[in-house]
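> Sending over a structure as structure tokens; questions will come in a sec.
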Amino acid sequence: MTDGSLISPETSRTAAVRRGFRAALHATEIDTRLMGMLGALAIIWIGFHFWTGGTFLTPRNLWNLSVQTATVAIMATGMVLIIVSRNIDLSVGSVLGAVGMAMAMLQREILPEWIGYDHWAMWIIALAAGLLLGALIGGLHGFIIAYVGVPSFIVTLGGLLVWRGVAWWQASGQTIAPMDKTFQLLGGGSRGNIGGFWSWIVGAVACGLILLLLVNGRRQRGKFGLRLRPVWADIVLGALYCGVVLGAIGYLNRYFLPERVAAARGGGNIPFGLANPVLILIGVTLVMTFIATRLRFGRYVFAIGGNPEAAELGGIKTRWVVMKAFILMGVLVAIAAAVQTARLNAAVSGLGQSAELYVIAAAVIGGTSLAGGVGTITGAVLGALVMQSLQSGMVLVGVEAPIQDVAAGIVLVFAVALDSILKRRPK
Amino acid sequence: MTLTTEASRGVPLVEMRDIRVAFGGVHAVDGVTVDLYPGEVLGLVGGNGAGKTTLIKTLSGAHKADSGEIYINGERAVIETPRDAKKYNIETIYQTLALAENIDAPANMFLGREVLTRWNTLDDRAMEQAARHVMGRLNPMFQNLRTAVRSLSGGQRQSVAIARAVHFNARILIMDEPTAALGPAETAQVHNLINQLKAEGIGIFLISHDIHGVFDLADRISVMLQGKLVGTVNRREVTKDEVLGMIIIGKLPGTATKTELAELH
Ligand SMILES: Nc1ncnc2c1ncn2[C@@H]1O[C@H](COP(=O)(O)OP(=O)(O)OP(=O)(O)O)[C@@H](O)[C@H]1O
Ligand SMILES: [Mg+2]
């Protein structure tokens, strides 16, 4: 950026205003990628709102969108670490199918022989088994990649085929339904949510955390004599973030239980409130951000992505770190599989089909560099929201599934292309 | 090799005996024997591709030797990984610097040896403070420690690599072209540092193409040519021309003819 000492002929009032706006943006340090994502989101939302004749931005649809985003976003947080470490995982959709089917089989076919249907411990056993299975599959991929030395692209491409087949084979292609009563709560629905009041509490806690982070950030920077954002910028940011959080909750809380269900609970307008999948996503996002930024493991993943040789020379057990990243990915896929089967209240052999496309796209749109070393968890969650908005919108306007994949594929390539073009442009 | 002047100063800090490394058919290091005493700077010189980096990589654990033995303080040492080397307090400044470009200077300094809080999370504050402390000694002008190494200058990167080696109290320090990217002031600072560390009793392998710098700093000079050790000489007993003769035509002092020496210029 030039400092404006060269007076260009274009120095008009509009240019000055534009510069003022840029300066303000610069002061808040909101990065351009975030702005780009929010812009894309706004275009998609408003576009589909008109296209659907006013249904997209209803509380009901946005509530559904929040639930649907959860599975992709949960997996995208893991995909960030995989891609940051210079790997890729093409198998997440198929692993989701295999693990989801396994959890369904446990609930419908295997466990009932021992403890009967809808036993109180059913959901715990099924979930724990699913998480373990996910970790084992991820560990197997990671082992072959890190210790045997087969490129992750190949291993997970194989996994894409293998685990899809396993998903089919477990029930010979049949649909397994319904799920355990408690297990179903993991998927949201009219019972699987926390209601209006607790949603406001979650919002308030989130606001508190945001303010705490801003204040703490200021204090830290002050202590080390680093350049501080102007106070107004911090206040604006805090108000903006809190406004978005509380506004979203207020809006979602206007989606009410169906009258029949509400009547059984005393009648009136009873909000759904945040759905359990969304709460799980919030938890996963916090934990994954912590892992990525505060733990040695996260630092090593980034170091390996930045310079594998340097990481090795630093004495890091790089193979083990990569294998752990894949184990973590497997666990996250299992969580997503639980949410997905619970939400559908069924497992089908096509469960999670082409999810890898959405998950990778979410991570990349969210700022994860395919060259490795760069990426954020929250960016990927936002990226997932973009991708899911696109898909949900297409479903709403009646686009056929194969055409949805066409659109998602194009968006993925476009996002990467845009990224490399923007990177090539000198600052 | 027979001309090696061996000051009898007790047990050497490091002894590398008959080290061999081959890449395919290329004998990068071919039966090299060198040693290093406490408080000594051993200059390791030779043309491009002579095998200097490969030799010291077997000591820093970055590369396994095909054969040969390493003795630390007279005891046989098995160094197979960088972690093994660090156990022996061997620190290395690599020619390639070995920095992860996407993370900041303190994170690089402590890569693999992070300071943790009592909850086992990264203690970035402590690491930054330590980094500032060391950097004050090396390159006081370098202040913006928290930016990714990607956006640092070549000299600043080199200071990060040096800071890493210095911070962890090396007893054996390997410096592979430590001043290649540095300006005159920073180079002088590193030379100062080398003399300081030497006074503290640390043994230093100094690899450099800057023959004047080596003559200023080294006590002894080992010369390599095409993977073989030409010889090790006492810096006080040779001239720069004689060392150049060793580097280029592989002739020990006194064995090269006048015409051969004249051709060097
Ligand atoms: N990883 C490798 N694979 C194959 N050959 C290698 C490898 N590393 C080094 N070599 C070869 O080994 C020989 C010695 O290289 P080395 O890097 O040790 O030289 P050097 O003395 O450090 O040179 P320079 O002064 O240019 O740094 C060269 O012929 C080089 O091509
Ligand atoms: Mg070298």
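> Could you check which residue among A:52, A:285, A:77 shows the biggest mean-square fluctuation in a GNM of chain A with a 10 Å Cα cutoff?
Comparing A:52, A:285, A:77 in a Gaussian network model of chain A, the most mobile one is A:52.
> Return the calculated 222 nm mean residue ellipticity for chain A, to the nearest 500 deg cm²/dmol, obtained by summing -39500 (n - 2.57) across DSSP H runs with n ≥ 4 and dividing by the residue count.
The helix contribution divided over chain A gives -23500 deg cm²/dmol.
> What does the charge count around residue B:109 come to, taking other residues whose C-beta lies under 12 Å from its C-beta (Lys +1, Arg +1, Asp -1, Glu -1)?
Local net charge: -1.
> What do you get for the angle between helix A:59-84 and the principal long axis of chain A? Use alpha-carbon atoms, 0 to 90 degrees, nearest ten.
Between the helix axis and the principal axis of chain A, the angle is about 80 degrees.
> Would you mind giving the average projected area, over all directions, of the Cα convex hull of the protein assembly as shown in nm² with one decimal?
Over all viewing directions, the protein assembly as shown projects a mean Cα-hull area of 39.7 nm².
> How high is the FRET efficiency between residue B:237 and residue B:144 when r is their beta carbon distance and R₀ equals 51 Å, given to the nearest 0.05?
In this case the efficiency is close to 0.65.
> May I pose another question? Defining a contact as two alpha carbons under 8 Å apart and six or more residues distant in sequence, what relative contact order in percent does chain B show?
Value for chain B: 26 percent.
> Once the piece of chain linking residue B:185 and residue B:120 is laid out straight, how much longer is it, given 0.36 nm per residue of separation minus the C-alpha distance between them?
19.4 nm
> With only Lys, Arg, Asp and Glu charged, each at its Cβ (+1 for the first two, -1 for the last two), find how big the charge dipole of the protein assembly as shown is about the Cα centre; round to the nearest 20 debye.
Rounded to the nearest 20 debye, it is 1820 debye.
> Sticking to Cα atoms, compute the Rg of segment A:194-274 to one decimal and its Dmax as the biggest Cα-Cα distance, whole number, in Å.
That works out to 18.2, 61 Å for Rg and Dmax.
> Per 0.36 nm of contour for each residue apart, how much would the distance between residue A:50 and residue A:260 grow if the chain were fully extended, relative to their Cα-Cα spacing?
The residue A:50-residue A:260 span can extend by a further 72.5 nm.
> Starting from the Cα of residue A:406, step 7 Å along the direction of its Cβ; do the same at residue A:287; then give the gap between the two resulting points in nm.
4.0
> What nm value, rounded to one decimal, do you get for the distance between residue B:81 and residue A:395 when each label is placed 7 Å out toward the C-beta?
So the label points at residue B:81 and residue A:395 sit 4.6 nm apart.
> Something else: Which aspartates and glutamates have a Cα less than 18 Å from the Cα of residue A:324, not counting those fewer than 8 places away in the same chain?
Leaving aside aspartates and glutamates fewer than 8 places away in the same chain, those within reach of residue A:324 are A:89, A:312.
> Once you order the gyration tensor axes a ≥ b ≥ c over the Cα atoms, which shape class does segment A:21-166 get: rounded for a/c under 1.5, otherwise prolate or oblate by comparing a/b with b/c?
Taking the square roots of the gyration eigenvalues as a ≥ b ≥ c, segment A:21-166 is oblate.
> With +1 on each Lys and Arg Cβ and -1 on each Asp and Glu Cβ, how big is the dipole of segment A:194-274 about its Cα centre, in debye rounded to the nearest 20?
Around 420 debye, computed over segment A:194-274.
> Now for a separate question. Per the helix-only calculation at 222 nm, which mean residue ellipticity applies to chain B, given -39500 (n - 2.57) for every DSSP H run of n ≥ 4 and division by its residues, nearest 500 deg cm²/dmol?
Mean residue ellipticity, 222 nm, calculated: -9500 deg cm²/dmol.
> To the nearest whole number, what is the average tally of beta carbon atoms from other chains within 10 Å of the beta carbons of peptide B:107-114?
Averaged over the peptide's residues, the number is 6.
> Also: Between residue A:417 and residue A:211, take the C-beta separation as r, use R0 = 22 Å, and let me know the FRET efficiency to the nearest 0.05.
0.05
> Relative contact order for chain A: what is it in percent, counting Cα pairs under 8 Å that are at least 6 residues apart?
33
> Here's a follow-up. Using a Cα-Cα cut-off of under 22 Å, which lysines could be cross-linked to residue B:52, ignoring same-chain neighbours fewer than 8 residues away?
Counting by Cα, and skipping residues close in sequence, residue B:52 has these lysines nearby: B:64, B:86, B:198, B:228, B:240, B:251.
> Along the Cα→Cβ direction, 7 angstrom out, place labels at residue A:124 and residue B:129. What is the inter-label distance in nm?
If labels sit at residue A:124 and residue B:129, their model points lie 4.4 nm apart.
> Among B:221, B:74, A:357, whose Cα lies farthest out toward the positive end of the dipole of the protein assembly as shown, if unit charges sit on the beta carbon of Lys, Arg (+1) and Asp, Glu (-1)?
A:357
> Please enumerate, by chain and number, the aspartates and glutamates with C-alpha under 15 Å from the C-alpha of residue A:423, excluding those fewer than 8 residues away in the same chain.
The qualifying aspartates and glutamates are A:31.
> Rounded to whole Å and sorted largest first, what semi-axes of the equivalent ellipsoid does the C-alpha gyration tensor of chain B yield via the square root of 5 times each eigenvalue?
With the √(5λ) rule applied to chain B, the semi-axes are 33, 21, 17 Å.
> A further question follows. Normalised by the number of residues in segment A:355-413, what is the relative contact order in percent for Cα pairs under 8 Å and 6+ residues apart?
Reported relative contact order: 35 percent.
> Once the dipole of segment A:194-274 is set up with Lys and Arg at +1 and Asp and Glu at -1 on Cβ about the Cα centre, which of A:236, A:202, A:267 lies farthest towards its positive end?
A:236
> Hey, if you put +1 on the Cβ of every Lys and Arg and -1 on every Asp and Glu Cβ in chain B, which of B:53, B:31, B:129 ends up farthest toward the positive end of that dipole?
B:129
> Dipole size in debye (nearest 20) for chain B around its Cα centre, Lys and Arg Cβ +1, Asp and Glu Cβ -1?
460
> When chain A is modelled as a GNM with alpha-carbon springs shorter than 10 Å, which of A:395, A:386, A:80 fluctuates the most?
Checking each option, the largest mean-square fluctuation is seen for A:395.
> So if we plug the beta-carbon distance of residue A:220 and residue B:195 into 1/(1 + (r/R0)^6) with R0 = 51 Å, what FRET efficiency do we get, rounded to 0.05?
0.85
> Let me ask you something else. Taking springs between alpha-carbon atoms closer than 10 angstrom, which of B:161, B:188, B:105 fluctuates most in the Gaussian network model of chain B?
Among B:161, B:188, B:105, the largest GNM mean-square fluctuation belongs to B:188.
> Further question on the same structure: By per-residue mean of other Cβ atoms within 10 Å, what is the highest-first order of B:77-89, A:320-332?
A:320-332, B:77-89
Where a number appears in this text, it was derived from the coordinates with a stated rule and is not lab data. Remember, predicted model here, so these are calculated numbers, not experimental data. Note: ideal-geometry Cβ built from the backbone for every residue, glycine included; neighbour counts use all protein chains shown.
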